[in-house]
Structures are given as C-alpha cells and as structure tokens.
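The values are calculated or read from the model by the stated rules, or taken from the named source; none is laboratory data. Predicted model only: the values in this text are computed from it and were never measured. Here Cβ is always computed from backbone atoms with ideal geometry, including for glycine, and neighbour counts include all displayed protein chains. Surface areas here come from the heavy atoms of the whole protein model, side chains and all, with no ligands, DNA or RNA. Shrake-Rupley method; radii C 1.70, N 1.55, O 1.52, S 1.80 Å.
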Amino acid sequence: MKVTRIAYSTRLNPGKYAALVEQARRLGRIRSEVWQRYGSIAGVGSGLRDRQVRDRWLADGTHVQFGVLANAWKETVRDAMADIGANLAAAKVEVRRAVIRRTNDPAERTRMFTALKADRWAGDPFLARQMRMHWKRGRNRTHDQIVVRADKHHTIADGRGRLWLAVPGLERRKMVKIPLSTTVAPKGTLRLILRGGRVEVHYQIDASQMRSSQRPSGDATVGVDKGYTEALTDSDGDPHGTRLGQMLSSESDRLKERNRRRAKLRSIANTAALRGDHAKAHRIKINNLGTVKRDRQAARHRAQVRTEIFTAVHRVVDKAATVIAEDLTRKFGGRKTLGKNVNRRLAAWTKGVTAEALASVSERRGSVLVPVNAAYTSQACHRCGRFGRRSGDRFHCTWCGVVWQADVNAAINILQRAGDADIALHTPHHRVKQILQDRTDRHRTRLPVQDSSPAIAERRANHPNRSTTSNN
Ligand SMILES: [Zn+2]
C-alpha cells in the first residue's frame, strides 16, 4: 500500500513561485493536448501507450511548441495518459456490470471481459455502444501541477535547520530551490501542486515496507511542546511520555547522592594515602570507586528514558501527519558548559534525545516534522497573544482571565507558529517579542473597552475545557 505524504514550501520567494506557476501553466497545455488527442474513444482505439506518444511527439516536433524542458513534458504526458487510463478504467467497471446483466453465458462473459481489458471493444457493437455511453469524454482540468521524476530533484540542507528542494525550472541547468517547512526529504516521483502562493510537494511512501513499529502516521496536524514532567504535550491537550519527569528526578536524586558518597570515599582514600596507608587507598579505589557498575546503571537509565521519549513521539505520530515542534537542534549559546549541574545535564541530554526521536520517527513513519521558532510560546496566551504569568505548570492570562495548562498553551502557540507569516524559524528573539507586542497593541487600539465587554465574560464561561481543570 502506498501512502501519500505532503511537504509544504515556506516563505517561498514570489518570483520563484511565479516561475513555477508559469511552468505548470505550460504543462497544463500539454495535458490538454494529450486529453484532446487520446482521451476519447478514437484516441484509445489507437491503443497508444505513453512511451509511444512521446516517440511520436518527438518525431513530429509537437513538443517544441510548449516551451518546457524535455523531461518535464515527458513526465506530464505520462501523467496525463495515466489520468486517461484511470478515467477509462472507471468506465469499464460500469460496462462490466452491463455485460453481467446482458448474459449468463460464462464463455460469452469471458470473451467480452477479455476484449474490454485489452481495449479491443471497438469491434463489438454491444461493448462499443456501452463504452460510448459510460465513457464521458473527459478533459484536462489540471493547470497547477508539475510532476518531477525521482532522479530530477534533490534536497539541500542549508546548515540552519532548513531543507531546500531543488527542481528543474524552465531553463536547462537552472534549478528552482524551494525552501521546505520540514526536515524530512521528499522521495521518489514528486507532484508539485501550486496553491495560494505555496507549493505542496506530494510524494508516496510504501507502507508495506514498514515494520509494525513503522505504521503510517495519522492525518492530523498537531503542535507539540517539549516538557520535563512529560516528554511532549500536544496542542489537543494530550500529554505523552508522562513517566519522564519521575525518571529524571529519581535519577537526579540518585546521582547527587552517589556523587556525594563517592566524594566522601575519595577524600577518605586521599587522607589514607597522605598518611602513607596506600593499601587502604587502593582498596577503596578498587572496591568503592569503580566505574563498571556506575556505567551499567547509567546505560540502563539512558535506555529507559530513550524508550519513554520515542514511545511518546510514536503516540504523537499515531495521530499526526504533520508535527510542529520547536527547533530542538538549535543551540543557544553553544559553548556554554553545563558543569556538574546534574539537572541541567539531564535536561540538555533529554532535549537531544527528543530532537533525535522527532526526526527519526518522522522519517521512518513518513510524517512531516515542521520546526518552528518557539520564542515566547510559553509566555504568550494562545488566545489573545498577550504575555501572561507562568507559575509552575499553570499559565495565567490576566487579559482573558483564564488559567491554562502551561504546556498545552505552549503547544497551541507552537502549532500557530507554523502559519505565522511574520515569525520565521530564525527571527531573533527580541524581534519576536516586538512582533507579538505590536499585534496586541493593534488590537487594543481597534477594539472597544475589553474588560467590560459581555462577549468576554461569555467566552470565559464557555472555555472551561481549556483550563487546568480538565488536564489533571
Ligand atoms: Zn489571553
């Protein structure tokens, strides 16, 4: 079974978009020509396959008038012929039913089915009449698509967490580079659909080649916020990987206690060595300060946390074809050393594991991972956009007068960032803050006095479901 996946362009330059639209328009003329010539009873009567059509066009120079590259028109001919084939197959289903109604004779049925299948129905009056009746003459309605063969495109990672898809343009050796909103490279034959200034990149992955753990994703679009008590909270309000917090804090406690004991033993050993009791110092070092058990425990803990995080990501992908998340691969102040602070080391490490899990599970299960700029997503109210107060796992928006579950509020903000035209992945932190403030200031000047508005009181009453009470 094939599963279709879609990647989207992000902030595509209008000039490039216009060039793609022009290419799709020219390819649309090719589709129309194919339908015109081969999309009818007469056309199919000729029994041509797409390869023969291509050879014929090459021979008589039909292709020259369209002004597109060779591979583009060939792929388009193939695609249009496949559309015609699908249209024909649908008609044949009706005709087969008519055959069954017409005769009970198995030999006669078989003869007609065979003729139908081999497109030899023109010579049979009954079949020819039925085909004319059921096969309505189709026409091309596709003027916004570009089909790109698997070996004609490639992706480039720009080192800033963005993937660019390079596809042929109208001129030879001049690729059009499309910035994608995902880090998963589209594979195989691509169908670019141009809609509303954005490019949708449709491609197929083979679901049958997936192991059971690689079952296809769901079809929703969800935002996720990475947390400490839960691995992830999604924008529907569902927590995933809820045991993470307990695992990390007990490990942290254990490590602090163990490090304390080891420090004490080390000091005893050092004192003994200074006293000249090297035998005792050696004994402590061998028996109490070894690394075998310590390393084994550390490995076991790491494996448990990885399982919890990967399971959490799988739960998210179970429902989502598109996962929108903070760009966790981005480093803030990269050279900062974490020193001996156990909690910070654990948090940094789990962040890395979460980034790895999001990327690898998306890749394997064919969902699309969209990294977004997460600046201020935990400080702003997702409903009104104003900055609120966060205390613990609660987020309080004084303007809306609502307390949200902080992680859910952040996840919804992250979801909304994917469609935010002003805030790009690498928009600086202070710019993001300014943009958010400008937006709420605009609202304030345009709207009447807010706090006394009956609509607000009503909204407050109608939104208890998003507040903390339902998330316990
Ligand atoms: Zn608010």
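Between the helical axis of 406-417 and the dominant principal axis of the chain, each derived from Cα atoms, what acute angle in degrees is found, rounded to the nearest 10? The angle comes out near 40 degrees. Whole-Hz Karplus values for the range 262-268 come out as 5, 5, 5, 4, 5, 5, 4 Hz, taken residue by residue from phi with 6.51 cos²θ - 1.76 cosθ + 1.60 and θ = phi - 60°; glycine and proline positions read x.
Using a Förster radius of 56 Å, what is the FRET efficiency between TRP164 and ASP277 based on their Cβ-Cβ separation? Nearest 0.05, please.
So the FRET efficiency works out to roughly 0.25.
The mean sequence separation of alpha-carbon pairs under 8 Å and at least six residues apart, normalised by the residue count of the chain, gives a relative contact order of 16 percent. When THR329, THR76 are compared by accessible area at a 1.4 angstrom probe, the order from most to least is THR329, THR76.
Mind listing which trypsin sites (Lys or Arg not before Pro) in the range 153-194 are in a DSSP loop and have 15 or fewer other Cβ atoms within 10 Å? Sparse-neighbourhood loop trypsin sites (Lys or Arg not before Pro): ARG160, ARG172, ARG173, LYS174, LYS187.
Each Lys or Arg adds one and each Asp or Glu subtracts one; over the other residues with Cβ under 14 Å from the Cβ of VAL77, this totals +4.
Among the cysteines of the chain, those whose beta-carbon sits 4.7 Å or more from every other cysteine beta-carbon are CYS384. In the chain, the C-alpha radius of gyration followed by the widest Cα-Cα span (Dmax) gives 31.2, 113 angstrom. Estimated at 0.36 nm per residue, the fully extended path between ALA298 and ARG389 surpasses their Cα-Cα distance by 29.1 nm. Please find the FRET efficiency linking HIS143 to ILE435, where r is the Cβ-Cβ separation and R0 is fixed at 45 Å, and quote it to the nearest 0.05. The calculated FRET efficiency here is 0.80.
For the residue pairs LYS152/LYS177; LYS16/LYS152; LYS74/LYS174; LYS177/LYS351, alpha carbon separations beyond 21 Å are given by LYS177/LYS351.
Rg/Rh for the range 10-145 (Cα atoms only, Rh after Kirkwood) is 1.11. Using R0 = 51 Å, the C-beta based FRET efficiency linking ARG111 and ARG25 works out to 0.65.
The residues of the chain have, on average, 54 Å² of accessible surface per residue, using a 1.4 Å probe with all protein chains present. Our Cα-only numbers for the range 133-242 put the radius of gyration and Dmax at 19.0, 65 Å.
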